[in-house]
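Notes for the one structure printed next.
The values are calculated or read from the model by the stated rules, or taken from the named source; none is laboratory data. Computed from a predicted model, the values in this text were never measured in an experiment. Virtual Cβ from ideal backbone geometry, glycine too; neighbours counted across all protein chains shown. Calculation scope for accessible area: heavy atoms of the full protein, side chains included, ligands and nucleic acids excluded. Shrake-Rupley method; radii C 1.70, N 1.55, O 1.52, S 1.80 Å.
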Amino acid sequence: MFDKILIANRGEIALRVVRACREMGIRSVAVHSTADSDAMHVRMADEAVCIGPPPSDRSYLSIPAIVSACEISGAQAVHPGYGFLSENAKFVQILEDHDITFIGPTAEHIRIMGDKITAKETMKALGVPCVPGSEGGVDTLEDARRIAAEIGFPVIVKATAGGGGRGMKLALAPEDLAEAFQTARSEAKACFGNDEVYIEKYLQKPRHIEVQVFGDGKGGAVHLGERDCSLQRRHQKVLEEAPGPVITPEMRARIGKICADAVAGIKYRGAGTIEFLYEDGEFYFIEMNTRLQVEHPVTEAVFGVDLVREQIRVAEGLEMSFTQDDLEMHGHAIEVRINAEKLPDFTPCPGTITQFHAPGGLGVRIDSALYDGYRIPPYYDSLIGKLIVHGRDRPEAIARLRRALGELIVDGVETTIPLFEALLEEETILTGEYDIHWLEKWLAEKYA
Ligand code: ADP
């Protein structure tokens, strides 16, 4: 049993891990930059180590600083949260070399899923349905033309090393292909140092549906249903719900089993998310995230399990605390991301929180590191909290979300709270009939 875990992250997710550790009787070590000395995760953890100056590459992304913090504190394991080093295979390798356990999958699995072409080939071989497209990378414009003609326009050119919506270019018609191909390659080269690209059919009105999986690292795996994360702005999720409004129990069981069998097949360890585009009753794999997701609380709400606790258990080599048959889904959960951003452009809005009041009551959860007087530093992501509601069904969850948003007070900075208040007035949100493009179109009209 671990008696001390270091959390290589900050903000609400660091606090989330501190809470799981405390319930398990494990001591937690926070790390922080000098900009975060007064942060909540530092105050709530059992110990804290300063790892460097504000810029992330010199603190939260500094592998030597984090390994030193493990040595100073005597932590036996590292929880990476999401973002930062959570999907960095080199970090995992270095921790292993220092006999420190990484709470997550193996370096090899991170590497496989971090390269989108390899990920797609691996998943296809494991029986997971994929978006029709090129077999592997496409090196020349000539090949690109031939493949695009075969699959039919529109197509999307994607970087194998891509992430965060970068390195993707759409070609609606044959005459757009040359430019899409060249720009995707040069953007990929500039952003990721790797210009390999592949081509996929561009789906026109899909939903983003992702399946939560969990593996024990020994060939056992389960799925915990899906989340619908179709409400996106610039490929960034803003609201997520579980279950997906259009997914039937039969579809859930079918795609869930495909995903659980796939990760069992590679002896995957820990939490993972298999992302799909979903259109006309079909699922198409796009990528796998080998970490805990921002939106994991909606899954926790409907299944009543603690995913972080489970991550820690399997990292220790223990069995998972549930089997597929134990997992039963109840009700409906919705998460909204509270960002310190100014509408309508979503410009980051760091500053001092003059008043913070968290909503409460049945079915309401707040994951946030805010407090009265907290100064949001300008160096990091603008996510400052997540509001998660759970109800017996979708209408009850929506009513609860509206009520909880009414109680929530975040004064001193601009936030995305008004966005959610406005969205809850929209018929499309109430019926759940949105696709991945709906929010962008709605924002363009509303703030035109
Ligand atoms: P990233 O790793 O950069 O987030 P993804 O492959 O996960 O890239 O794709 C991000 C988003 O881009 C998807 O959620 C979807 O909105 C859009 N997208 C990606 N591939 C396709 C496709 N083949 N057809 C339509 N939209 C796509």
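Would you please list the contacts, defined by Cβ atoms under 9 Å and residues six or more apart or on different chains, that run from a residue in the range 228-246 that is at positive phi to a residue that is open to solvent by 10 Å² or more (accessible area, probe 1.4 Å)?
Final answer for the pair search is Arg234/Gly165; Arg234/Phe346; Arg234/Glu440; His235/Gly164; His235/Gly165; His235/Arg166; His235/Met168; His235/Ile436.
Looking at the range 117-171 only, could you name the residues that are of a type in the set (Gly, Ala, Ser) and under 23 Å from the mean Cα position of the chain (by Cα)?
Across the range 117-171, the qualifying residues are Ala119, Ala159, Ala161, Gly162, Gly163, Gly164, Gly165, Gly167.
Looking at the range 23-34, is at least one residue in a strand (DSSP E or B), open to solvent by 50 Å² or more (accessible area, probe 1.4 Å) and touching a residue at least 24 places away in the same chain (Cβ under 8 Å)?
Scanning the range 23-34, I find at least one residue that is in a strand (DSSP E or B), open to solvent by 50 Å² or more (accessible area, probe 1.4 Å) and touching a residue at least 24 places away in the same chain (Cβ under 8 Å), so the answer is yes.
So, in the range 198-217, of the ones that are of a type in the set (Asp, Glu) and closer than 28 Å to Gln236 by Cβ, which residue ends up farthest from the ligand (Cβ to nearest atom)?
Glu210
Inspect the range 78-99 for any residue being more than 30 Å from Asp195 (Cα to Cα), away from the ligand (no atom under 16 Å from the Cβ) and open to solvent by less than 10 Å² (accessible area, probe 1.4 Å) and give the result as yes or no.
Within the range 78-99, one or more residues are more than 30 Å from Asp195 (Cα to Cα), away from the ligand (no atom under 16 Å from the Cβ) and open to solvent by less than 10 Å² (accessible area, probe 1.4 Å).
Looking at this structure, is Val92 in the same structural domain as Ile13 (by TED's automatic domain parsing), within 22 Å of Ile266 (Cα to Cα) and of a type in the set (Val, Ile, Thr)?
For Val92, the condition - in the same structural domain as Ile13 (by TED's automatic domain parsing), within 22 Å of Ile266 (Cα to Cα) and of a type in the set (Val, Ile, Thr) - is met.
So if I check each of Gly220, Gly225, Gly193, which one is surrounded by fewer than 20 Cβ atoms within 10 Å (Cβ to Cβ), at positive phi and either more than 12 Å from the ligand (Cβ to nearest atom) or among the acidic types (Asp, Glu) (or both)?
Just a single option satisfies the conditions, and that option is Gly193.
Out of all the residues in the range 331-351, is one or more among the small types (Gly, Ala, Ser), farther than 16 Å from Glu407 by Cα and free of Cβ contacts under 8 Å to residues at least 60 places away in the same chain?
No, there is no match, as no residue in the range 331-351 is among the small types (Gly, Ala, Ser), farther than 16 Å from Glu407 by Cα and free of Cβ contacts under 8 Å to residues at least 60 places away in the same chain.
Only residues that are open to solvent by less than 60 Å² (accessible area, probe 1.4 Å) and near the ligand (Cβ under 8 Å from one of its atoms): list them for the range 160-172, please.
Correct list: Gly162, Gly163, Gly165, Gly167, Met168.
Could you tell me whether Glu175 is surrounded by fewer than 20 Cβ atoms within 10 Å (Cβ to Cβ), among the charged types (D, E, K, R) and either within 12 Å of the ligand (Cβ to nearest atom) or not in a strand (DSSP E or B) (or both)? Explain how you work it out, then say what you get.
Working: surrounded by fewer than 20 Cβ atoms within 10 Å (Cβ to Cβ): yes; among the charged types (D, E, K, R): yes; either within 12 Å of the ligand (Cβ to nearest atom) or not in a strand (DSSP E or B) (or both): yes.
Yes, satisfied.
Only one of (1) away from the ligand (no atom under 14 Å from the Cβ); (2) of a type in the set (Lys, Arg); (3) under 18 Å from the mean Cα position of the chain (by Cα) fails for Lys237. Which number is that?
(1)
Evaluate the range 160-169: report whether one residue or more is modelled with pLDDT of 95 or more and hydrophobic (A, V, I, L, M, F, W, C).
Checked the range 160-169: no residue is modelled with pLDDT of 95 or more and hydrophobic (A, V, I, L, M, F, W, C).
Please go through the range 100-138 and pick out each residue that is in a loop (DSSP other than H, G, I, E, B), open to solvent by 20 Å² or more (accessible area, probe 1.4 Å) and touching a residue at least 40 places away in the same chain (Cβ under 8 Å).
Hits for the range 100-138 are Thr106, Asp115, Leu126, Gly127, Pro129, Pro132, Gly137.
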